[in-house]
Amino acid sequence: MPVQPTYPGVYVQEASSGVRTIAGVSTSITAFLGAAKRGPVNKATLILSYSDYERRFGGLSKTSEMSYAVRQFFLNGGSRAVVVRLARDPLAASRSSYIDKEEINASLLVTALDQGSEGNQIEIRVNYNTSNPGSSFNLIVNQTSPDNPGDSRTETFANVSMNSSDARYVVDVVERNSQLIRAERTASLAGLSTGSTLSGELGDVATLLDDTHNRFRVAVDGQDPITIQLNLPGDVTGTSNTPNARLTKLCSAIESQANGAFTCAKAGTRILITSATSGENSRVEVLPGVGNDAAARLKLGAELGGTQTDAVAAIRPREIPDHSSVTSGNLVDAEITSAPSLPTVQHSFRISLDGSVSDVVDIGVAALTGADHSARMTELASRIQAAVRSLRPAQPAYAGFTCSAIDGTTPATDRRLVFSPGSRGSSSSIVITEVAGDALASRLKLLPSTGAVSEPAKDVMLQGGIELAITDATAYNVFVGSRANREGIYALESVDLFNILCLPGIEDGGILMEAEAYCRERRAFLIADAPLMSKTPTAMAATMAGADLPKSDHAAVYFPWIKISDPLNGGALRTTAPSGTMAGLYARMDANRGVWKAPAGTEASLTGVRGLDYTLTDRENGVLNPLAVNCLRIFPDSGAVSWGARTLKGDDRAASEWKYIPVRRTALFIEESLYQGLKWVVFEPNDEPLWAQIRLNVGSFMNNLFRQGAFQGVKKDDAYFVKCDKETTTQNDINLGIVNIWVGFAPLKPAEFVILYLQQMTGQIQV
């Protein structure tokens with residue numbers, strides 16, 4: 001914008017230099033396509049280390065040539081890879097968790113994140129050992145690998161809820177954090193009851209409350225909390241001078257301040273606060289008072305001795321135990337408190353854990369001393385647990401045995417004993433029988449005839465994951481895929497840039513032709529593997545005479561296959577495709593010397609290569625090299641090295657100007673860099689000022705490469721040129737919106753043959 005002078009003086013305006021620095025793009029981002037243990041199918045995933053690959057795709061697999069290629073890539077100097085897992089007709093494993101023991105009403109559908117059979121190794125556990133066991137649950141996910149038992153992953157999602165509006169909604173928590181599964185709530189929300197909170201067992205409330213403990217808050221259905229202010233002693237003064245009457249009066253006083261949001265009633269010796277509404281969001285949460293807190297005294301709140309039961313607690317997936325269990329029938333007051341006294345008369349039964357010899361469990365003859373039914377149930381469970389653990393303390397099933405009491409919210413409702421061995425897995429079992437002359441097992445309803453329910457250890461593995469083997473007949477469709485659906489090779493459409501493409505172990509000529517064509521389109525380079533069956537120089541020469549390999553300057557092939565140490569087979573040698581190793585070598589050479597340096601020579605050592613599938617002689621190497629086969633050799637002083645740098649168009653008979661790999665890759669590097677760096681030109685005025693800027697910026701880029709030694713010549717005029725003017729861009733081009741830029745460079749070509757001329761000096765005498 002020109003300066004508009006308004007007053008006499010000096011005006012300063014900055015003028016653009018027209019410099020728009022063109023940065024060179026990466027040259028060694030390598031795309032790998034092939035089968036993997038797990039991971040997304042037909043999705044390009046950026047991998048920055050082999051550890052990344054292990055976490056996302058499962059590491060080495062005996063059936064995945066790509067897994068070994070990626071490992072070799074990073075071992076030889078690679079730093080950035082794009083991995084596309086391919087699979088034939090994959091299906092994800094899944095399994096439903098249920099609300100009821102009959103496994104009729106599905107509550108939560110768990111599906112493996114990745115398609116394929118690997119999902120069948122995912123194990124699901126559910127328990128209620130949370131900060132709010134009345135409403136939330138824990139979801140534990142574990143995956144092991146049959147190929148590698150040490151490759152296991154565990155994910156724990158604690159304190160999750162079935163409420164879609166909860167911050168810990170299980171579906172959302174899993175979506176954000178899991179690399180193994182996805183979850184879907186399948187339970188119906190019809191007929192949900194109301195949420196409630198139940199205090200712990202209370203004594204005389206008149207002794208619990210005073211003027212400094214007379215306030216708490218109640219949040220109903222997620223709304224702002226209501227402050228409950230108790231007026232003492234009036235709010236605990238009953239019609240009769242008894243603890244029950246005082247508790248009833250207190251409940252009435254609390255409800256009177258609810259404004260219809262909740263009800264409050266006495267439940268035995270507890271306080272039960274219930275939401276006035278039903279549905280998914282129905283819940284009651286008791287919060288401490290702001291000063292003079294009474295919540296702790298009244299044991300209101302999940303962390304203060306009470307329980308909170310949200311409406312959605314009813315649709316939680318039932319607990320999936322990792323051991324067998326026996327749950328007694330419902331124990332009404334008569335089984336615990338009525339004559340004959342318990343356990344004075346009836347005090348023993350028999351138990352067998354994990355198939356062991358049946359032992360007598362004697363809980364002693366001392367009477368239960370608990371103040372009420374709930375306390376006596378807890379005391380009884382504790383006695384049984386201690387007695388069983390003492391029987392065989394050296395066996396995990398006995399040492400970890402648990403007996404717990406389930407106590408309902410009202411008398412005679414859902415009061416049961418639950419027995420569980422300390423063992424896990426399919427061998428976990430528990431059998432309870434009667435002691436002759438002692439009916440304790442019947443009294444406690446621990447036998448099937450009395451309503452006891454035995455639960456075997458659960459099979460909680462996901463199931464149904466399928467991944468068919470990729471055969472020769474199906475490989476083309478899997479690897480080539482569909483451009484419209486971004487499948488196979490075309491999954492790379494979502495990647496902005498890749499420079500090298502590897503299809504480890506692929507020998508199908510049709511696939512390689514399609515891969516080469518896509519590389520040409522994307523300015524990338526294909527590293528092909530020689531057919532494994534071409535084990536000799538003669539066989540490899542015959543392969544080069546056929547149509548299995550593309551005769552392209554955008555591709556190269558290496559012979560023979562390499563031998564590496566296989567961690568999955570105790571370190572034994574495995575014959576594997578060399579493409580991943582060579583891609584890593586390309587990356588190392590690019591970083592150390594530049595893309596214009598041939599990836600060959602004594603510097604081009606192959607890390608991790610313990611041997612070759614065929615050991616070439618110089619003569620055999622001399623047969624294959626003119627045919628554009630890059631040979632891998634082992635020399636005493638250098639180890640395994642790459643000993644060739646020709647493209648598949650580098651056959652001497654082809655007389656191609658793109659004979660050598662570094663020449664082609666340097667050109668691709670320049671093309672991609674200028675393609676990315678000249679986008680600012682679009683829609684600019686197409687005239688001399690623009691052309692001058694183009695010459696300046698492209699020339700600066702090329703000069704920088706020249707200074708790095710990328711071109712021949714001792715001065716820049718010998719090394720490169722940039723032309724963009726009225727000669728390259730005519731008026732007709734301008735009318736059509738075209739600007740033409742000519743860039744030339746003098747490439748460095750490798751010294752492929754070193755010829756020594758020796759002359760013998762004979763009979764020459766200095767005079």
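None of the figures in this text is laboratory data; all of them are computed from the coordinates on show. Predicted model, so just to flag it, every value in this text is computed and none were measured. Don't worry about glycine lacking a Cβ; one is built from the backbone with ideal geometry, like all the others, and counts go over all protein chains shown.
Data for the structure
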read-out: Listed residues 713, 519, 171: farthest to the positive end of the dipole of the chain (Cβ charges); value: 713
read-out: Under 13 Å, Cβ to Cβ, from residue 261 - net charge with Lys/Arg +1 and Asp/Glu -1; value: -2
read-out: Chymotrypsin sites (Phe, Trp or Tyr not before Pro) lying in DSSP loop within the stretch 680-709, provided at most 12 other Cβ fall within 10 Å; value: 683
read-out: For the stretch 69-77, 3J(HN,Hα) per residue [Karplus equation, 6.51 cos²θ - 1.76 cosθ + 1.60, θ = phi - 60°, Hz, x = Gly/Pro]; value: 5, 5, 4, 5, 4, 6, 5, 9, x
read-out: Answer label, with Cα extents along the principal axes in Å calculated from the coordinates and candidates (1) 84, 73, 54; (2) 135, 92, 58; (3) 76, 62, 52; value: (2)
read-out: Under Karplus coefficients 6.51, -1.76 and 1.60, residue-wise ³J(HN,Hα) of the stretch 365-379 in Hz, glycine/proline x; value: 9, 5, 5, 5, 10, x, 6, 8, 4, 4, 5, 5, 4, 5, 5
read-out: Environment charge at residue 292 (Cβ cut-off 15 Å; Lys +1, Arg +1, Asp -1, Glu -1); value: -1
read-out: Check: the chain dipole with +1 on Lys, Arg Cβ and -1 on Asp, Glu Cβ, in debye; value: 1180 debye
read-out: Estimated distance in nm for a label pair at residue 591 and residue 290, the labels positioned 7 Å out from Cα along Cα-to-Cβ; value: 5.9 nm
read-out: 222 nm mean residue ellipticity, helices alone, for the chain (DSSP H n ≥ 4; -39,500 (n - 2.57); rounded to 500); value: -6500 deg cm²/dmol
read-out: Sites matching trypsin sites (Lys or Arg not before Pro) across the stretch 31-113 that sit in DSSP coil, with at most 16 neighbouring C-beta atoms within 10 Å; value: 43, 62, 101
read-out: Nearest 10 degrees, 0 to 90: helix 579-592 Cα axis against the chain principal axis; value: 70 degrees
read-out: Anchor residue 535: lysines whose Cα lies under 27 Å away (excluding residues fewer than 8 positions away in-chain); value: 62, 551, 563, 649, 659
read-out: The stretch 419-492 versus the stretch 241-307: alpha-carbon centroid distance in Å; value: 41 Å
read-out: Cut-off under 5 Å, modelled amide H: who pairs with residue 525 long-range; value: 500, 501
read-out: GluC sites (Glu not before Pro) lying in DSSP loop within the stretch 141-249, provided at most 16 other Cβ fall within 10 Å; value: 201
read-out: Derived scalar couplings ³J(HN,Hα) [the stretch 514-523; Karplus, 6.51 cos²θ - 1.76 cosθ + 1.60; whole Hz; x for Gly, Pro]; value: 5, 5, 5, 5, 5, 4, 4, 5, 9, 6
read-out: Inter-part distance where the stretch 71-131 and the stretch 631-676 are each reduced to a Cα centre, Å; value: 42 Å
read-out: Charge-dipole axis of the chain as Lys and Arg at +1 and Asp and Glu at -1 on Cβ define it, positive-most pick from 446, 605, 336; value: 605
